[in-house]
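Written below as structure tokens is the structure these notes are about.
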Amino acid sequence: MWMSTFSRFALPVLQRSTSAMACQALRACRRPAKAAGPLPSWLTSAQIRGHQTLGSASLPLARHSVRHVRALDEDRLMEVEWEDGGHSLYPFTWLRDNCQCPLCTLESAQARKLLMSDLDVHTGVDVVEVTNDNKVSIVWPDQHTSVFDAEWLKKRCFSTAARQAMREELFLNERYYWDSKLRIPTADYQEVLHDDKAALAWLLALRRVGIVYLKGAPVEQGQVARLAQRIGYLRLTFYGHTWQVQDKYMANNVAYTSGRLSLHTDYPALHFAPGVQFLHCINQAVEGGESEVVDGFHMAEQLRREDPEAFRILSSLHVDFTDTGMDYCDFMLQSKKCIIDLDGEGRVVRINYNNATRDSVLDLPLHQVQPFYRALKAYVDIMNRAENVVTYRMEPGDIVTFDNWRLLHGRRSYISRPDMLRHLEGAYLDWDEVMSRLRILRSSVNEDV
């Protein structure tokens, strides 16, 4: 029986299922500081397949009904009591700002028409009531009327739990951390191209795990572009819309040699590095050329536990990266980045590290230079531990898709023959396009249930 890595994980979570399996999955992902062992038994499937992938995971959404609504004028809040006994509070100003009527919202674009200059941020209300069709109606002091659907309000509740649930539904920030025991989720290339459920499973696994293997692509150039069209469009860089990873004379990138590539993220010399990378094996080397990957987020959390000072340095000091050459056009790039990027809550959200393009310019005070080197070496040493590295060998027709903000990838040196030259075609996308397609596919797949 074929089973998606996330057939019992991603969709039940997104649809607010309370199944024990979904809760177990969330708990596994919400412990980022714990060392990741092998994937749980119900997550260890190495395959993602079409219509059998997600059918059992698609559960109907619970409907919410309003029991009572009242205005708390002194606090300038509207209180909704739900039929299940829960309560939600909504500020008057937010409700007026988000009126859904045609005068205030352009429905065809789901965009606000009400101007901020016309919004009374101190507004009160005249009347709040529940309509016969279980919607919430508000009459404002200027006699303008707003009507809100119960489900719309419930999803936008301001409670901590509701905001966290909405955040997760929109951005899928929870990740599964892994080490060398990972069995890389695998999908069929043709099914991903032609079946929405297979494509959704692929993108969910890409987001949660960070890497998905696709099998069965034609052994010819152009397949990464076809795959990108399934999502939206390719990210153009100075190396072109797609690029050919081959041993090249006078190479303008260390990837275009046959030597070993250390673990790295691509393009930290860009201020906004590509979020997702595709690599398609068209021809493999006679000997060597195995690929290596590590979970950069997991390694960063290990560093945070083992060497907090090194983690602080790499997440606070800005390092220079550079890339100069000629390809799609001539280029001379410079950027400054922390090796480890954190969000406002201290969560690791991006890794920026490529030893080849780390600049000789190091714009740090003298007393910070040696601590920086010590910290970077500590992080790299953790990444290179055998228990953290996943090694695999691509064969013609294989495509690996991975999160370039999270994974560091490398390659062992290789030997080719004139009649068997190693050749991979690569391409980039941004996470904005990938997440957009994921949300669209999730919506369409749920509608078909």
Open item on the list: in a helix (DSSP H, G or I), without any contact (Cβ under 8 Å) to a residue 40 or more places away in the chain and either closer than 30 Å to residue 383 by Cα or over 22 Å from the mean Cα position of the chain (by Cα) (or both): is that true of residue 190 in this structure?
Closed with: yes
Open item on the list: Go through the range 229-268 and report how many residues are modelled with pLDDT under 90 and of a type in the set (Lys, Arg).
Closed with: 2
Open item on the list: Condition first: open to solvent by 100 Å² or more (accessible area, probe 1.4 Å) and either at pLDDT 50 or above or of a type in the set (Gly, Ala, Ser) (or both). Now tell me which residues in the range 48-74 satisfy that.
Closed with: 61, 63, 67, 70, 74
Task: Flag for residue 216 being small (Gly, Ala, Ser), within 22 Å of residue 396 (Cβ to Cβ), open to solvent by 30 Å² or more (accessible area, probe 1.4 Å) and over 16 Å from the mean Cα position of the chain (by Cα) - done: yes
Task: Top-ranked residue in the range 350-394 [being surrounded by 18 or more Cβ atoms within 10 Å (Cβ to Cβ) and aromatic (Phe, Trp, Tyr); ranked as nearest to residue 312 (Cα to Cα)] - done: 379
TODO: Within the range 296-330, count every residue that is part of a loop (DSSP other than H, G, I, E, B), over 19 Å from residue 252 (Cα atoms) and in contact (Cβ under 8 Å) with a residue 60 or more places away in the chain.
DONE: 1
Task: Residues of the range 96-137 that turn out to be open to solvent by 40 Å² or more (accessible area, probe 1.4 Å), of a type in the set (S, T, N, Q) and outside any loop (DSSP other than H, G, I, E, B), as a count - done: 1
TODO: Run down 280, 271 and say which single residue is in contact with a strand residue (DSSP E or B) (Cβ under 9 Å, 6 or more places away or on another chain), at pLDDT 95 or above, open to solvent by 30 Å² or more (accessible area, probe 1.4 Å) and not polar (S, T, N, Q).
DONE: 271
Task: Residues satisfying the stated conditions in the range 213-243, i.e. in contact (Cβ under 8 Å) with a residue 40 or more places away in the chain, under 17 Å from residue 433 (Cα atoms) and not basic (Lys, Arg) - done: 224, 225, 227, 228, 231, 232, 233, 234, 236, 237, 241, 242
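The values are calculated or read from the model by the stated rules, or taken from the named source; none is laboratory data. Predicted model only: the values in this text are computed from it and were never measured. Here the Cβ is made from the backbone with ideal geometry for all residues, glycine too, and neighbour counts use every protein chain on show. For the accessible areas, the whole protein counts, side chains as well, though only heavy atoms, and no ligand, DNA or RNA atoms are used. Shrake-Rupley method; radii C 1.70, N 1.55, O 1.52, S 1.80 Å.
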